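All remarks here apply to the structure that follows.
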Amino acid sequence: MREFTKSRKLDNVLYDVRGPVVDEAARMEAAGTHVLKLNIGNPAPFGFRTPDEVIYDMSRQLTECEGYSNAKGLYSARKAIMQYSQIKNLPNVTIEDVYTGNGVSELINLSMSALLDNGDEILIPSPDYPLWTACATLAGGHPVHYLCDEQAEWYPDMDDIRKKITDRTKAIVIINPNNPTGALYPREVLQEIVEIARQNQLIIFSDEIYDRLVFDDAEHVSIASLAPDLFCVTFSGLSKSHMIAGYRIGWMILSGNKRIARDYIEGLNMLSNMRLCSNVPAQSIVQTALWGHQSVENYVKPGGRVYNQREFIYDRLNAIDGITCVKPKAAFYAFPRIDTKKFGIVDDERFALDLLREQKILLIHGGGFNWHEPDHFRVVYLPRRAVLGEAMDKLASFLEHYHQ
C-alpha cells in the first residue's frame, strides 16, 4: 500500500501554541486528569456568554442562511463593517473592500497566500501571534521577526525594524492590541511605523481583533487611518469582543492606495471565490453585533470582570519571586518574564511541560510565540479570580523548588 507523508512545505512550519505542550495536556485529560487551561483565548469555557440579542437575531435569520453568500460576504454584513471602518477613520473604503472570513485566522492565511512568492520577506513582530509566521512560511515567504521591546511597554523596536528591511521585504505586520503581550500602541508609535513603511514602499497588515478590549480609557488607533497614501489591510472580528469565538466571523478591510495593489487584490478575489464564502449564519449577526449594545464595554471598565482579572493577574505575577510582568493594556493576555538564571532555565518548552505535569496548569512558553529566549510564557486571564488565584498559588509553589 502506498504510504503518504506530510508535504515538505510543512517541515518549516511551527505552530507550538497548539504543539507538544498542548498535546501532553490532551493525553493527561484523556487519562482522567483535570488540567487548568491558561493557554488559549476562548472565552466560552470560562463562562462568558454571547449577548442575547445576537443569539436571537441569528435564530430569526437561520432559514435565510441556508445557501452561499457572495464570496466576500453578505451585503448587510459588509455594509456594517464598512460603516465601522468609517468610525475607525480608515481611508478610501468601499463595500467591495470588505471580506468576511471564518474568523481572522482564515483571512490571514488567504492574505499571505495571495502576497508571497518563494523568498519574499515579510516583517512580523517577536513575540507574535504564531499563525502569522506559520501562514507566511506555508505561502513560501520568509518571515523576518522584528523585536518588540519589553522595557518600552512592548512597543516595536524601530531601529530593529529598519535593520531588517531588505530589497525582498514586501510588507510589515503589526498586532495591535497585541497578543501575547497585551500591549496597545499609541499614535506616535504607529506614525513611526507608517513612516518606515512609506520610505520602503511596504504594505501594512494590521491585526486588530482586540480593538474593543482596551483598558483604562485608552484609545485604540487603527494604523490605516494614519496612512491614506499606503496600501493597508486591517483585520478584526467578533470572536473576542462578543465572546463568540466558535461562531467564526472575522473580516479584513482594504484601504488607502489600492491602485498600487491591483494584482494583489485580484489574487485575493480569486482565493475568496475558491472557498465560496464564509459562515453565512455568523455573517447574519454582524450588523446587530457591531451596532447593538456593546456588552464588552462593561467587561473592560473598572469593576468589570476582565478589568478586575487583569488587575489581579498583574499583581499576583509580580508578587512571585523570580517573575516580572509588564501590565497589559488590552486583550486577555499577560507575557511575564521568568528569571532564567535563578531557575536555571535553558528550555522554556521543558519548563511549561514540567509545570503541566506537576501542577496540572497549561501555559504556552514564549517560544510558541516566536520569542527566541527561554525567559517568557503567556498567561490567559479569562478564568475567574478564584481560579486564577489557585493557579498563581500553584505556580509560586512550583517555583519554590524548580531548577532545570
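The values are calculated or read from the model by the stated rules, or taken from the named source; none is laboratory data. Owing to the predicted nature of the structure, the values given are computational and were not obtained by experimental measurement. Cβ sites come from the backbone with ideal geometry, for glycine too, and all protein chains shown count toward neighbours. Just the protein is used for accessible areas: all its heavy atoms, side chains included, with ligands, DNA and RNA removed. Shrake-Rupley method; radii C 1.70, N 1.55, O 1.52, S 1.80 Å.
Stretched out fully, how many nm does the piece from GLU53 to HIS34 gain, at 0.36 nm a residue minus the Cα gap?
3.4 nm
Would you calculate, for the chain, the mean residue ellipticity at 222 nm contributed by helices, counting each DSSP H stretch of 4 or more residues as -39,500 (n - 2.57) and dividing by all residues, to the nearest 500?
Working: 15 runs with 148 residues, N = 404.
Mean residue ellipticity, 222 nm, calculated: -10500 deg cm²/dmol.
Nearest 5 is fine: what % of DSSP beta bridges in region 86-229 come out antiparallel, could you say?
10
Could you check which residue among ALA224, ALA152, ALA197 shows the biggest mean-square fluctuation in a GNM of the chain with a 10 Å Cα cutoff?
For the chain, modelled as a Gaussian network with Cα springs under 10 Å, the answer is ALA152.
Just the projected area, averaged over all directions, of the convex hull on the alpha carbon atoms of region 80-161: how many nm²?
7.0
Give, rounded to the nearest 20 debye, the magnitude of the charge dipole that the chain has about its Cα centre when Lys and Arg contribute +1 at Cβ and Asp and Glu contribute -1 at Cβ.
800
Please give the peptides 274-282, 72-80 ranked by average Cβ packing (other Cβ atoms within 10 Å per residue), highest first, as a rough proxy for protection. Present the calculation step by step, with values, prior to reporting the outcome.
Numbers: 274-282: 17.6, 72-80: 20.8.
My ranking of the peptides, most packed first, is 72-80, 274-282.
Roughly how many percent of the accessible protein surface of region 42-148 is carbon and sulfur, given a 1.4 Å probe and a whole-percent answer?
50
Within 10 Å of each candidate Cβ there may be at most 10 other Cβ atoms; applying that plus a DSSP loop requirement, which GluC sites (Glu not before Pro) in region 194-291 survive?
For GluC sites (Glu not before Pro) across region 194-291 that sit outside H, G, I, E and B with at most 10 neighbouring Cβ atoms in 10 Å, the list reads GLU219.
Could you work out which residue, out of MET270, MET392, MET252, moves most in a Gaussian network model of the chain, that is, has the largest mean-square fluctuation with Cα springs under 10 Å?
Ranking MET270, MET392, MET252 by mean-square fluctuation puts MET270 first.
Are there GluC sites (Glu not before Pro) in region 298-404 that DSSP puts in a loop and that have at most 16 other Cβ atoms within 10 Å, and which ones?
Values: sites: GLU311, GLU349, GLU358, GLU390, GLU400; in loops: GLU400.
Answer by residue number: GLU400.
Probe of 1.4 angstrom, ligands and nucleic acids ignored: what's the accessible area per residue over region 17-107, in square angstrom?
Each residue of region 17-107 exposes 52 Å² on average to a 1.4 Å probe.
For the chain, give the share of DSSP beta bridges that are antiparallel, in percent and rounded to the nearest 5; count only bridges with both residues there. Don't skip to the end; give the middle numbers.
Working: 21 of 41 bridges.
Counting only bridges with both partners in the chain, antiparallel ones make up about 50 percent.
Listed here are the pairs LYS240/LYS301; LYS37/LYS360; LYS79/LYS170; which of them are more than 18 Å apart at the Cα? Intermediate values should be presented prior to the final figure.
Details: LYS240/LYS301 16 Å; LYS37/LYS360 9 Å; LYS79/LYS170 30 Å.
Distance filter (> 18 Å) returns LYS79/LYS170.
For Cα extents along the principal axes in Å, the choices are [x] 56, 53, 42; [y] 71, 53, 42; [z] 61, 59, 52; which was calculated from the structure?
Label [z] holds the value from this structure.
Which angle between 0 and 90 degrees, to the nearest 10, do you get for helix 305-318 versus the longest principal axis of the chain when only C-alpha atoms count?
Roughly 40 degrees, rounded to the nearest 10.
If amide H atoms are built 1.01 Å from N in the plane of the peptide, which residues on other chains or at least 5 residues away come under 5 Å of the amide H of ILE203?
ALA171, ILE172
Identify which of PRO328, PRO45, PRO180 has the largest mean-square fluctuation in a Gaussian network model of the chain, with springs joining Cα atoms closer than 10 Å.
PRO45
Starting from the Cα-Cα distance between ARG385 and GLU66, subtract it from 0.36 nm times their residue separation and give me the gain in nm to one decimal.
Stretched fully, the ARG385-GLU66 segment lengthens by 110.7 nm.
For GLU219, project a label point 7 Å along Cα to C-beta. Then give me every residue of region 135-174 with its amide nitrogen under 16 Å of that point.
Counting only backbone N, you get no residues.
Name all residues of region 188-227 having a backbone nitrogen under 17 Å from the label point set 7 Å from the Cα of GLN86 along its Cα→Cβ direction, giving them as ranges.
Residues 225 fall inside that zone.
Below 13 angstrom from the Cβ of SER295, what's the summed charge of the other residues (Lys, Arg +1; Asp, Glu -1)?
Values: positive: ARG49, ARG212, LYS240, LYS301, ARG305; negative: ASP52, GLU53, GLU297.
Once positives and negatives cancel, what remains is +2.
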